[in-house]
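Some notes on the structure that comes next.
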Amino acid sequence: MAVDALDTRILRLLIEQPQTSVREYARILAIARGTLQARIDRLERDGVITGSGPFLSPAALGHPVLAFVHLEVTQGHLDDVGEALAEVPEIIEAFSTTGGGDLLTRVVARDNGHLEDVIQRLIQLPGVVRTRTEVALRERVPHRLLPLVESVGRAASPGRGQGPPEAGPPERPRPPG
């Protein structure tokens, strides 16, 4: 799906001002509301925009410990283990991967003891051979997409000035979760 310069401007506004109305976005961009809505609908349909809503902080919900747990799975059990992981509320993401394990999960916990309890639950899942855990100490680069959106926008409109992007407020950091 091709993202053009206008799409990039729309995405930037959605990231920087997520609670603004479509009418206000159209005013800021100096385009018709119908044009804006059609663009947003296409971006959603094409999978560029995958959701909206509040970004929640697991730490503020009482789960300040963040760990990445790699799981090695018995051959042929990846789907079963993946379904079982979905039943563990402390797992906030899981990906099948290449490399040293079969699955990589992002796990939150109340404290280290709770993290150990979650890991013990994972080890007991049928098909899980072993786990390897890495505890995150500090977030160095928060989840962000604005630099990527701006890069795609620059690539979509060669010939436009290569100066700094349009001024606007900094991207709102997205807490893990």
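Quick one: is Leu122 part of a strand (DSSP E or B) and either hydroxyl-bearing (Ser, Thr, Tyr) or in contact with a Leu (Cβ under 9 Å, 6 or more places away or on another chain) (or both)? Steps first, please.
Details: part of a strand (DSSP E or B): no; either hydroxyl-bearing (Ser, Thr, Tyr) or in contact with a Leu (Cβ under 9 Å, 6 or more places away or on another chain) (or both): yes.
Criteria not met by Leu122.
Given the structure, is Ile123 without any contact (Cβ under 8 Å) to a residue 24 or more places away in the chain and either more than 18 Å from the chain's Cα centre (by Cα) or closer than 30 Å to Glu16 by Cα (or both)? Show your work before the answer.
Values: without any contact (Cβ under 8 Å) to a residue 24 or more places away in the chain: yes; either more than 18 Å from the chain's Cα centre (by Cα) or closer than 30 Å to Glu16 by Cα (or both): yes.
Criteria met by Ile123.
Condition first: touching a strand residue (DSSP E or B) at 6+ places or on another chain (Cβ under 7 Å) and buried (at least 17 other Cβ atoms within 10 Å of the Cβ). Can you find one or more residues in the range 130-143 that meet it?
Going through the range 130-143, the residues touching a strand residue (DSSP E or B) at 6+ places or on another chain (Cβ under 7 Å) turn out to be 130-136, 142-143.
Among the residues that remain, those that are also buried (at least 17 other Cβ atoms within 10 Å of the Cβ) are: 131.
Looking through the range 130-143, at least one residue is touching a strand residue (DSSP E or B) at 6+ places or on another chain (Cβ under 7 Å) and buried (at least 17 other Cβ atoms within 10 Å of the Cβ).
Would it be correct to say that Glu72 is closer than 22 Å to Glu16 by Cβ and either among the acidic types (Asp, Glu) or in contact with a Cys (Cβ under 7 Å, 6 or more places away or on another chain) (or both)?
Details: closer than 22 Å to Glu16 by Cβ: no; either among the acidic types (Asp, Glu) or in contact with a Cys (Cβ under 7 Å, 6 or more places away or on another chain) (or both): yes.
Judged against the criteria, Glu72 is not a match.
Among the helices (runs of 4 or more DSSP H) lying completely within the range 1-105, list those that include at least 1 residues that are closer than 24 Å to Leu148 by Cα.
Numbers: elements: 5-16, 22-29, 33-45, 78-85.
Passing ranges, in order: 5-16, 22-29, 33-45.
Of the residues Pro58, Pro64, which is closer than 14 Å to Ile91 by Cα and open to solvent by 60 Å² or more (accessible area, probe 1.4 Å)? Let's see the steps before the verdict.
Values: Pro58 fails: open to solvent by 60 Å² or more (accessible area, probe 1.4 Å).
So the residue among Pro58, Pro64 that is closer than 14 Å to Ile91 by Cα and open to solvent by 60 Å² or more (accessible area, probe 1.4 Å) is Pro64.
Does the range 72-89 hold any residues that are among the hydrophobic types (A, V, I, L, M, F, W, C) and either loosely packed, with under 15 Cβ neighbours inside 10 Å or at pLDDT below 95 (or both), and which are they?
If we filter the range 72-89 for residues that are among the hydrophobic types (A, V, I, L, M, F, W, C), which is where we start, we get 73, 78, 81, 84-86, 88.
Correct list: Ala86 only.
Any idea how many residues of the range 37-55 are small (Gly, Ala, Ser) and crowded, with 18+ Cβ neighbours inside 10 Å?
So in the range 37-55, the residues small (Gly, Ala, Ser) come out as 38, 47, 51-53.
When the remaining residues are screened for being crowded, with 18+ Cβ neighbours inside 10 Å, the result is none.
Going through the range 37-55 one residue at a time, the tally reaches 0.
The values are calculated or read from the model by the stated rules, or taken from the named source; none is laboratory data. What you see is a predicted model, and the numbers here were worked out from it, not measured in a lab. Neighbour counts are summed over all protein chains in view; Cβ atoms, including those assigned to glycine, are modelled from backbone coordinates with ideal geometry. The protein model used for the area step is the full one, side chains on, heavy atoms only, and it has no ligands, DNA or RNA in it. Shrake-Rupley method; radii C 1.70, N 1.55, O 1.52, S 1.80 Å.
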